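Here the structure comes first, spelled out in structure tokens, and everything after it is commentary.
Every number here is computed from the coordinates shown, using simple stated rules; none is lab data. Given the structure is predicted, the values throughout are model-derived calculations rather than measurements. Cβ coordinates were reconstructed from backbone atoms using ideal geometry, including for glycine residues, and neighbour counts include every protein chain displayed.
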Amino acid sequence: MMLDLRVLNYFLTVAREESITHAAEALHLSQPTLSRQLRDMEDMLGKELMIRGPRRITLTEDGLFLKKRAEEILSLASNTEQELRSDDTELNGTIRIGSAESDSVRFLMHAAHDIQARYPHLHFHITSGDGQQMMELLDKSLIDIAVVYGHVDTEKYEVLPCPTVDHWGLLLRRDNPLSQKEKITPQDLWHEKLIVSNQVLQGDSHADKLQTWIKKPFADLSIIATYNLAYNASLMVSEGLGSCIMLEKIIRVQDDDDTLCFRLLDPPIFDKLLIAWKRFQLFSKGTQQFIQLLKQEKASLDAMTPPRP
């Protein structure tokens, strides 16, 4: 006997509402019917999924695992249905993109605007995260396209480099003496309170570049905080916790900003985003056309770029 998508939806609703009563109301079912469906699923799996307390329902460890998998299964089912309803003349459905934070993502958004203008029933969903998270989602087919930094296995994935590069710099308060400098050198940061990406400390693709540039082990620096979302990091800088090493243009700082400023690193460090998707993947027509548009626009931009001497 296989899991029923309908019952998985019942289970997720109960997990969200933490109540059989409220879930039954949301699903327009009677409480006995909903309770019986969930009991039957637990009996079929041979696992207790819920702890039924007097005031609220909590999930067991097995229940938490099923919740995560059920969300993935129902998402795939919904996307598959949307994709099958597409036709060549009126594309619909959702193109799912998982991306690192970067101003270079603007390249994809420009293409998204172009194709959505032609096919208004085509939608986009963006998930933000680090490269490892995005590649895991790509492998599970929970996203169609991953936009990441670092190495990508070209035997397993198709790869299209973004046409722009991202430079590293320092986000700092204007009352910091380093704000008087045009660029930041490694020695400037040896005694500075620093906020860095959590992924850097975990040894992601940026780590070696920054470690080489700064000329000191990270353990010898005064790293007082880490982040995975740049906006939250900017709040830490604004409140005076420290200065943040991050990519340029993720946080927009105006010239007349009284609190924050951004200075590039010197010598410069830069990275380039890679757009990746699984080889031999059967995509929806909308996703196919979007990838083709990305390739065309990348080729057009490359043709306009003069060759290096």
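Structure data summary
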| read-out | value |
| --- | --- |
| Rg/Rh (Cα only; Kirkwood hydrodynamic radius) as it applies to segment 177-286 | 1.05 |
| Rounded to 10°, Cα long-axis angle of helix 61-84 versus longest principal axis of the chain | 90 |
| Helical mean residue ellipticity (222 nm; -39500 (n - 2.57) per DSSP H run of 4+; nearest 500) of the chain | -12500 deg cm²/dmol |
| C-alpha long axis of helix 31-45 to longest principal axis of the chain, angle in ° | 70 |
| Under 10 Å, Cβ to Cβ, from ASN228 - net charge with Lys/Arg +1 and Asp/Glu -1 | -2 |
| Contour excess over end-to-end distance, with Cα ends at HIS113 and ASP208 and 0.36 nm allotted per residue | 30.7 nm |
| Global geometry of the chain, whether rounded, prolate or oblate, following the gyration tensor of its Cα atoms and the 1.5 cut on a/c | oblate |
| Fewest-first ranking of LEU160, LEU265, using other Cβ atoms within 10 Å as the exposure measure | LEU160, LEU265 |
| Segment 239-254 - phi-based ³J(HN,Hα) in whole Hz, Karplus 6.51/-1.76/1.60, Gly and Pro as x | 8, x, 5, x, 10, 10, 7, 7, 7, 5, 6, 5, 9, 7, 10, 7 |
| Cross-link partners of LYS216 among aspartates and glutamates (Cα-Cα below 18 Å; sequence separation of 8 or more within a chain) | ASP188, GLU192, ASP204, ASP208, ASP266 |
| Value of relative contact order over the chain, rounded to a whole percent, pairs C-alpha under 8 Å and six or more apart | 20 |
| Residue (of MET44, THR287, ALA233) at the positive-pole extreme of the chain, dipole from beta-carbon charges | MET44 |
| Nearest-ten-degree value, helix 106-118 long axis tilted from longest Cα axis of the chain | 50 |
